[in-house]
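Below is one structure, written out as structure tokens; the observations come after it.
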Amino acid sequence: PNSFELTRKDRLCANVVKMQERFGKDAFDIIPDTYNLPDEFADFYNHFHKLNQQESGKQDNLWIVKPTNSCQGKGIFIIDDISEVPLDEPCIISRYIPNPLLINGLKFDIRLYVLGTSMDPLRIHVFHEGLARFASEEYSLANIKSNKFSHLTNYSINKKSEKFVQNTDANQGDEGHKWSLSALCKHFEQMGIDN
């Protein structure tokens, strides 16, 4: 019941902000600056213009817009101008991280699988394996607004790229644009990253 409090982007954002207010931002510094629009547009507007005054160029003030209750990368886009912000539909807008950790020049995200068997008391089980999903084109801030294959890691988007490589051997966890979590952790070790 009420799993949408974590699975909907707008509710997740609101709940993380609640935890930041209750326990301090340092304890819950797990998302970039994020706003629920249109409700928090005034706060976003002020923050956007404050950053424009502080930063040197448009590439320093990039934001990613996502529908609040969508999946598979549908409706996601990047903006660098406040006039591009949609005001007629609910969405989440987050500060775009311009210097992500890359593997082989590619952006990636990590999917962990968790089973919640009780909310009060909280009881969860984390599956030992997961996924790393990679963008199918090398990361670059050039053409940021038009090259979704470089900036989004959604499988449903990247499988349409000519450069997408499907992993065809379950024993090779680090091939193609989808890796196993264990293969990613092994790669982190080789890079000297503590995981």
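The values are calculated or read from the model by the stated rules, or taken from the named source; none is laboratory data. This one's a predicted model, so the numbers in the text were calculated from it and none came from an experiment. Note that we place each Cβ from the backbone using ideal geometry, even for glycine, and neighbour counts take in every protein chain shown. With ligands, DNA and RNA removed, areas are computed over all heavy atoms of the protein, side chains included. Shrake-Rupley method; radii C 1.70, N 1.55, O 1.52, S 1.80 Å.
Worth pointing out:
- Residue within the range 52-70 that is modelled with pLDDT of 85 or more, surrounded by fewer than 14 Cβ atoms within 10 Å (Cβ to Cβ), closer than 27 Å to S150 by Cβ and touching a Lys or Arg at 6+ places or on another chain (Cβ under 9 Å) present: no
- Qualifying positions in the range 98-141 - in a strand (DSSP E or B) and closer than 28 Å to F48 by Cβ: F108, D109
- Considering the range 5-33, the residues that are assigned to a helix (DSSP H, G or I) and small (G, A, S) include one that is surrounded by the fewest Cβ atoms within 10 Å (Cβ to Cβ), namely A27.
- Total residues in the range 73-97, condition assigned to a loop (DSSP other than H, G, I, E, B), open to solvent by 60 Å² or more (accessible area, probe 1.4 Å) and either over 20 Å from A14 (Cβ atoms) or without any contact (Cβ under 8 Å) to a residue 12 or more places away in the chain (or both): 3
- Considering residues of the range 116-127 that are closer than 26 Å to S182 by Cβ, without any contact (Cβ under 8 Å) to a residue 24 or more places away in the chain and out of contact with any Gly (no Cβ under 9 Å at 6 or more places or on another chain) only, the residue most open to solvent (accessible area, probe 1.4 Å): F127
- Search result, residues across the range 143-183 that are within 21 Å of V126 (Cα to Cα) and touching a Gly at 6+ places or on another chain (Cβ under 8 Å): W179, S180, L181, S182, A183
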